[in-house]
Amino acid sequence: SSERLLQRGRGGSLVGWDSHLSRIFLLLLFVVSAQGLTPNPEACLVFSSVNGSSISCQPPAQIPHSLPADTIFLAVEFFNLTQLPADFLQGVPNLQELHLSSNRLEDFSPKFLLPVPQLKVLDLTRNSLTGLFPGFFRVSAALCTLVLKGNQLKFLEASWLHGLKALRHLDLSENQLHSLPPGLLENFTDLLTLDLSNNQLQTLPPDLLRGPLNLERLHLEGNRLQVLGEGLLAPQPKLRYLFLNDNRLASVAAGAFRGLQKLDMLDLSNNLLTTVPTGLWTSLGKAARNLKDGFDISNNPWICDQNLADLYRWLVANENKMFFRNHTRCAGPEALKGQTLLAAAESH
């Protein structure tokens, strides 16, 4: 259904990781299960292939003191670790994926990543990081995916990310960010996915998206944004998925969406929109493929008067792409209170 499609679009922001190793690793797990082999519960799961070794450690397994020299995939998860030894990755120069999620890691040695210059995926989901430091990624030119979801970051410094030249997916969701520094993403020209959802952002730097000009997915939902200005999205002709739901948006500039030429999904639900300016929708929904995955403007306090005439016309032309139409209702004026916005549009 369309609702399920929307939920699928909202979740899993790092869709399309270019990580084949994870899939190979899961396939090997399946093969072991199918053969009826019972791994030792105190040992990590180790699989060897022509490409190298893949290792997964979860409690009650013991974390290894040394790793096979050909290790390419390493997962050490759910251990409640607060720190790892500075030389933990010594001797595995071909490591490509490192998953350290669901621990309590508070910081790292500045030299932690130096032994693994080929690392492509670093997953630090659900830890206790309050910051990084300049130079941490100085040899991480190959890193494509960085996940810092669910940590305790209250601020960022652009220098923390210096050295990341190939980054395609950046997940900073579920932290405590109040603001972002200017120039944060200026060198990330290959970035495809940016997830800033579920932070405490009230404003965004106007230059935030002027570096990553190939962005396809932008998650800003679950923040405290009040205004969507004219220029923020202007440099994003390839953007396909835009999530602005669950903010405090009361104002959207007339030209806010003007540069979006390939948008497939737009979510503006659960905001404070009462009206929108004439011309906002001009560039959206024109071609058959535009907004092909739908749009959501539900649960806003719409005032259904003549100021919505432009939106009414657009809604009637694009109603087949509209999610949750029964939750998209007028909050005023009194005569139309509770009526669906689509009904108001069709009778206008």
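Numbers below:
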| item | result |
| --- | --- |
| Out of PRO110, PRO117, sole residue that is over 25 Å from the mean Cα position of the chain (by Cα) and open to solvent by 30 Å² or more (accessible area, probe 1.4 Å) | PRO110 |
| Residue count for segment 50-61, restricted to those that are farther than 10 Å from PHE79 by Cβ and in contact with a Cys (Cβ under 9 Å, 6 or more places away or on another chain) | 2 |
| Selection count, segment 280-311, where residues are within 28 Å of the chain's Cα centre (by Cα) and assigned to a strand (DSSP E or B) | 3 |
| Any pair with Cβ under 6 angstrom, 6 or more apart, that starts in segment 333-348 at a residue that is open to solvent by less than 60 Å² (accessible area, probe 1.4 Å) and ends at one that is in a loop (DSSP other than H, G, I, E, B) | LEU336/CYS304; LEU341/THR328; ALA344/CYS304 |
| Residue count for segment 67-104, restricted to those that are within 24 Å of the chain's Cα centre (by Cα), within 13 Å of VAL116 (Cβ to Cβ), aliphatic (A, V, I, L, M) and not in a loop (DSSP other than H, G, I, E, B) | 2 |
| Filtered residue count, segment 116-163, keeping only those that are more than 18 Å from GLN83 (Cβ to Cβ), part of a loop (DSSP other than H, G, I, E, B) and among the hydroxyl-bearing types (Ser, Thr, Tyr) | 1 |
| Unique residue being modelled with pLDDT under 95, more than 28 Å from THR275 (Cα to Cα), among the hydrophobic types (A, V, I, L, M, F, W, C) and out of contact with any Lys or Arg (no Cβ under 9 Å at 6 or more places or on another chain) when the list is PHE137, PHE133 | PHE133 |
| For GLN58: the one exception among (1) polar (S, T, N, Q); (2) crowded, with 16+ Cβ neighbours inside 10 Å; (3) at pLDDT 50 or above | (2) |
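The values are calculated or read from the model by the stated rules, or taken from the named source; none is laboratory data. Just so it is clear, the model here is predicted, and its values are computed rather than measured. In this analysis, Cβ positions are derived from the backbone assuming ideal geometry, glycine residues included, and neighbour counts consider all displayed protein chains. Note: accessible area is taken over every heavy atom of the protein model, side chains too, but ligands, DNA and RNA are not part of it. Shrake-Rupley method; radii C 1.70, N 1.55, O 1.52, S 1.80 Å.
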